[in-house]
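Shown next, in structure tokens, is the structure this report addresses.
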Amino acid sequence: MTGASRGIGAAIARGLAEDGWPVGVNYRSDRDGAEAVVASITEAGGQAVALAADVADPAAADELFGALEAEFDCPVLVLVNNAGISRDDLTPSLGDEEWSAVIETDLTGAFRMTRRALKPMLRARRGRIVNVSSVVGLRANPGQANYAAAKAGLIALSRTAAVEVARRGITVNAVAPGWIDTDMTASVSRDLLDAVPARRAGTPEEVAACVRFLASDAASYVTGAVLSVDGGLAA
Ligand code: NAP
């Protein structure tokens, strides 16, 4: 799974390991964070390996899948695209670099990972892909045109891939978290929580619970769906 060194990704990695999956803990720069996630999984009796790669690098998907197939000696049958960044600014002043960095990381990276994942899944005639989108892909949030475009694109990618591969036993779904307490939201004014019907932020574990369900056998007939986990923000 991508972007698993902290925050939501770390919670998903721990949760999937608890469910019995060997987990590839991808990170871009936070090696200590990724190693700590791996250590907590192995201490709990699970299997995990830390893998450095920038998902915005066109070579990352082949590198990551090759490393995982060698490490665990089996095809990768669950992919969680969680790696994401934001670079906020209002549209009139949003720079090309901020636009491209977010699209390349949050959308194009997930597309390349999905394309690479589907090859062994199609051969195995089973697989699960879960894309971590955002409530911002469903409703407007000023200052996030790049992030919103990437996250809405991720939903469209999920739905399209879902119908392409549904008859091969592969599901592709998205989760759309609202405000979750992580490094990404640490500097955002908590006054904004007044707009959340639940009147609180969510936890990474609450997002992980949704991803674990979508990755499980119990979700075998759920595909092309977007599961909001946002305390009612998109309702
Ligand atoms: P976070 O705490 O900032 O963690 C982001 C993770 O993604 C880190 O593990 C980071 O690794 C990794 N990452 C970033 N860029 C990467 C790249 N180019 N290649 C590989 N890994 C990369 O963020 P978070 O809040 O947990 O968010 C996780 C996902 O949920 C993101 O897709 C985000 O858009 C989405 N989301 C978050 C919220 C929220 O309220 N927090 C709401 C909706 C959606 P390094 O530490 O090594 O850079």
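The values are calculated or read from the model by the stated rules, or taken from the named source; none is laboratory data. A quick note: this is a predicted structure, and the numbers were derived from the prediction, not measured. Cβ sites come from the backbone with ideal geometry, for glycine too, and all protein chains shown count toward neighbours. Keep in mind that these areas ignore ligands, DNA and RNA; they rest on the heavy atoms of the full protein, side chains included. Shrake-Rupley method; radii C 1.70, N 1.55, O 1.52, S 1.80 Å.
Please work out which residue is nearest to THR203 (Cα to Cα), limiting yourself to the stretch 3-50 and to residues that are assigned to a helix (DSSP H, G or I) and hydroxyl-bearing (Ser, Thr, Tyr). Here the residue is SER40. The set of residues in the stretch 137-157 being aliphatic (A, V, I, L, M), open to solvent by 20 Å² or more (accessible area, probe 1.4 Å), in contact with a Ser or Thr (Cβ under 9 Å, 6 or more places away or on another chain) and not in a loop (DSSP other than H, G, I, E, B) consists of ALA145, ALA148, ALA152, LEU157.
Does the stretch 147-166 include one or more residues that are within 16 Å of the ligand (Cβ to nearest atom), over 23 Å from ASP89 (Cβ atoms) and in contact with a strand residue (DSSP E or B) (Cβ under 9 Å, 6 or more places away or on another chain)? Among the residues of the stretch 147-166, at least one is within 16 Å of the ligand (Cβ to nearest atom), over 23 Å from ASP89 (Cβ atoms) and in contact with a strand residue (DSSP E or B) (Cβ under 9 Å, 6 or more places away or on another chain), which makes the answer yes. Of the numbered criteria (1) touching a Pro at 6+ places or on another chain (Cβ under 9 Å); (2) touching a residue at least 60 places away in the same chain (Cβ under 8 Å), the one LEU90 fails is (2).
If you check ASP54, ASP106, which single one turns out to be part of a loop (DSSP other than H, G, I, E, B), closer than 30 Å to ASN141 by Cα, touching a residue at least 24 places away in the same chain (Cβ under 8 Å) and within 16 Å of the ligand (Cβ to nearest atom)?
Details: ASP106 fails: part of a loop (DSSP other than H, G, I, E, B).
Unique residue meeting the criteria: ASP54.
Within the stretch 86-103, the set of residues being part of a helix (DSSP H, G or I) and in contact with a strand residue (DSSP E or B) (Cβ under 7 Å, 6 or more places away or on another chain) comprises just one member, GLU98.
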